[in-house]
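Below is one structure, written out as structure tokens; the observations come after it.
The values are calculated or read from the model by the stated rules, or taken from the named source; none is laboratory data. All figures in this text were calculated on a predicted structure; none of them were measured in a lab. Quick reminder, even Gly has a Cβ in these numbers, built from the backbone with ideal geometry, and neighbours come from all protein chains shown. Remember, those area values only see protein heavy atoms, side chains included, never the ligands or the DNA or RNA. Shrake-Rupley method; radii C 1.70, N 1.55, O 1.52, S 1.80 Å.
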Amino acid sequence: MTERATSPAITPACPLCAATHSVPSSGAPPRTYYRCPVCALIFVAPGERPSAEEERAVYDLHENSPDDLGYRRFLARLCDPLLARLPPASQGLDFGCGPGPTLSVMLEEAGHHMTVFDPFYAPYPERLARNYDVITASEVVEHLHAPGQVLSDLIARLRRGGWLGIMTQRSDGVTDLTRWRYMRDSTHVCFFAKRSFDYLAEQHGLTVTFPRNDVVLLQRR
């Protein structure tokens, strides 16, 4: 009897770089995770990501506001290194601002001109068609189901010399992913490593800087 050939298991394409040979990875149960060998992104299996309604229910519980000094100190991790680099009166977009926009307020207080976008709380697509000197995404990229497309679109809106400022916890140095608190948030579906951002910079011709372990600044040349 001739043995029947078996086809290799089909794994989902990486949502950042589109590589099709990601491998299963450990992570907080009960979800299924994959790690991309090209860009090192760890991502949740597509069928196990939350729906838009489930995401919104979680975000509605957030109580962030410009009046919260602790939240301001947290956002300063991204705001301060940007302020050290931005020219005066820059035009900016805070992408994924959430129900209580605060980073945009902090940048406006420093003399910059900001607008906001959020698919749930500030859904104004015309703002994504403008060009900016700075775009911020604080605690946003880990929620994106299609980070490659979204980040490419944002980079395309940067003027020459403009900055994309991102804050997210990176998987580098995490010894036990199954116990990593960041993976236990049901709305977190993509987990970036330093190599993920190096890949992004290389693909789009950007200069990349890591001023803090959870902050990355990408500049369009």
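Okay, here's what the table says:
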quantity	calculated
Lone unmet requirement of (1) under 15 Å from G161 (Cα atoms); (2) touching a helix residue (DSSP H, G or I) at 6+ places or on another chain (Cβ under 6 Å) for L86	(2)
Flag for L86 being at pLDDT 95 or above, in a helix (DSSP H, G or I) and among the aliphatic types (A, V, I, L, M)	no
Residue in the range 195-215 that is open to solvent by less than 40 Å² (accessible area, probe 1.4 Å), assigned to a loop (DSSP other than H, G, I, E, B) and among the acidic types (D, E) present	yes
Output for the range 60-79, where each listed residue is in a loop (DSSP other than H, G, I, E, B), open to solvent by less than 50 Å² (accessible area, probe 1.4 Å) and either touching a strand residue (DSSP E or B) at 6+ places or on another chain (Cβ under 9 Å) or of a type outside the set (S, T, N, Q) (or both)	P66
Those residues of the range 101-154 which are touching a Gly at 6+ places or on another chain (Cβ under 7 Å) and part of a helix (DSSP H, G or I), in sequence order	L107
Selection from the range 180-194 of residues that are within 16 Å of the chain's Cα centre (by Cα) and open to solvent by 40 Å² or more (accessible area, probe 1.4 Å)	D185, S186, K194
Verdict on T187 being among the polar types (S, T, N, Q), in contact (Cβ under 8 Å) with a residue 24 or more places away in the chain, under 29 Å from A57 (Cα atoms) and not in a loop (DSSP other than H, G, I, E, B)	no
Near pairs, Cβ below 6 angstrom, 6+ apart or cross-chain, from the range 142-161 (free of Cβ contacts under 8 Å to residues at least 24 places away in the same chain) to any residue that is open to solvent by less than 40 Å² (accessible area, probe 1.4 Å) and of a type outside the set (S, T, N, Q)	V150/L144
Any hit, the range 1-23, residues being outside any loop (DSSP other than H, G, I, E, B), open to solvent by less than 40 Å² (accessible area, probe 1.4 Å) and over 16 Å from M167 (Cα atoms)	no
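For (1) over 22 Å from S25 (Cα atoms); (2) at pLDDT 95 or above; (3) touching a helix residue (DSSP H, G or I) at 6+ places or on another chain (Cβ under 7 Å); (4) open to solvent by 60 Å² or more (accessible area, probe 1.4 Å), each residue gets a yes or a no:
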position: E109; (1), (2), (3), (4): yes, yes, no, yes
position: N131; (1), (2), (3), (4): yes, yes, no, yes
position: V141; (1), (2), (3), (4): no, yes, yes, no
position: L151; (1), (2), (3), (4): yes, yes, yes, no
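Every residue, every condition in (1) touching a residue at least 60 places away in the same chain (Cβ under 8 Å); (2) surrounded by fewer than 13 Cβ atoms within 10 Å (Cβ to Cβ), yes or no:
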{"residue": "E48", "(1), (2)": "no, yes"}
{"residue": "V58", "(1), (2)": "yes, no"}
{"residue": "P81", "(1), (2)": "yes, no"}
{"residue": "G98", "(1), (2)": "no, no"}
{"residue": "M114", "(1), (2)": "no, no"}
{"residue": "P125", "(1), (2)": "no, yes"}
{"residue": "V134", "(1), (2)": "no, no"}
